[in-house]
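Remarks on the structure that follows.
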Amino acid sequence: QQPVQSPQAVILREGEDAVINCSSSKALYSVHWYRQKHGEAPVFLMILLKGGEQKGHDKISASFNEKKQQSSLYLTASQLSYSGTYFCGTEFTGTASKLTFGTGTRLQVTL
Amino acid sequence: ETGVTQTPRHLVMGMTNKKSLKCEQHLGHNAMYWYKQSAKKPLELMFVYNFKEQTENNSVPSRFSPECPNSSHLFLHLHTLQPEDSALYLCASSQERRQPQHFGDGTRLSIL
């Protein structure tokens, strides 16, 4: 029942764009996005609630497609600091406050 | 001191030992969480506490015993662990349930 993230890994050159997808087979209430750098704690990026809203944080934004039970994270003009593993955490409709995380997408930004 | 602090950062123990992991948050949050992070596996939720009451036990073996004496402190008591319990154990807190979670740096646990 864990969400499926794609791709599993991606390598970018600085300035390039990337999209990370998170798909669920169950009805979603919300999607959380986190980034974890090696040896560090996961850091919260944003929450999206059902309703198809799109959110942005600097050059990182995300959308939530309730019909497809899918969220996408968009990284624009990537910077070296974007490197890390990105996790989506999903809350299913009907289960309160229990985040189920995907296996993560490892992103590496190079010069 | 701010944020979520976990101690110890590293712990090596034998299968017959008893030890405890500690988590402290200075954010005034009401919900606290324990997660297990193993290599090549997703973050696994173990326990959720909301206003000091346990609201979620995600089918965790009884060799893991949580304790939440107040909204700022969370413990994970360990005894007779197995080698497969070796992992990074992360604590997190949030203002309320369904709010952004702030994670500590974790305790790297190795079972001999």
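The values are calculated or read from the model by the stated rules, or taken from the named source; none is laboratory data. For clarity, every value in this text was computed on a predicted model and none was experimentally measured. Please note: Cβ atoms are built from the backbone with ideal geometry, for glycine as well, and neighbour counts cover all protein chains shown. Side chains included, ligands, DNA and RNA excluded: accessible areas come from the protein's heavy atoms. Shrake-Rupley method; radii C 1.70, N 1.55, O 1.52, S 1.80 Å.
Per-structure values
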{"read-out": "Counted residues, the stretch B:41-51 - those being open to solvent by 50 Å² or more (accessible area, probe 1.4 Å) and over 14 Å from the mean Cα position of the chain (by Cα)", "value": "2"}
{"read-out": "The stretch A:4-25 - residue that is over 16 Å from A:Ala62 (Cα atoms) and open to solvent by less than 50 Å² (accessible area, probe 1.4 Å) and, of those, farthest from the chain's Cα centre (by Cα)", "value": "A:Gly15"}
{"read-out": "A:Lys50 vs. criteria charged (D, E, K, R), under 29 Å from B:Glu96 (Cβ atoms), surrounded by fewer than 14 Cβ atoms within 10 Å (Cβ to Cβ) and at pLDDT below 90", "value": "no"}
{"read-out": "Looking only at the stretch A:55-78, and only at residues there that are open to solvent by 40 Å² or more (accessible area, probe 1.4 Å) and in a loop (DSSP other than H, G, I, E, B), the one that is nearest to A:Asp17 (Cα to Cα)", "value": "A:Thr76"}
{"read-out": "Qualifying positions in the stretch A:1-46 - in contact with an Asp or Glu (Cβ under 9 Å, 6 or more places away or on another chain) and either acidic (Asp, Glu) or without any contact (Cβ under 8 Å) to a residue 24 or more places away in the chain (or both)", "value": "A:Gly39, A:Glu40, A:Ala41"}
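Let's see how each residue does on (1) surrounded by 17 or more Cβ atoms within 10 Å (Cβ to Cβ); (2) under 11 Å from the mean Cα position of the chain (by Cα); (3) touching a residue at least 24 places away in the same chain (Cβ under 8 Å):
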site	(1), (2), (3)
B:Leu78	yes, yes, yes
B:Asp85	yes, no, yes
B:Leu88	yes, yes, yes
B:Cys91	yes, yes, yes
B:Glu96	no, no, yes
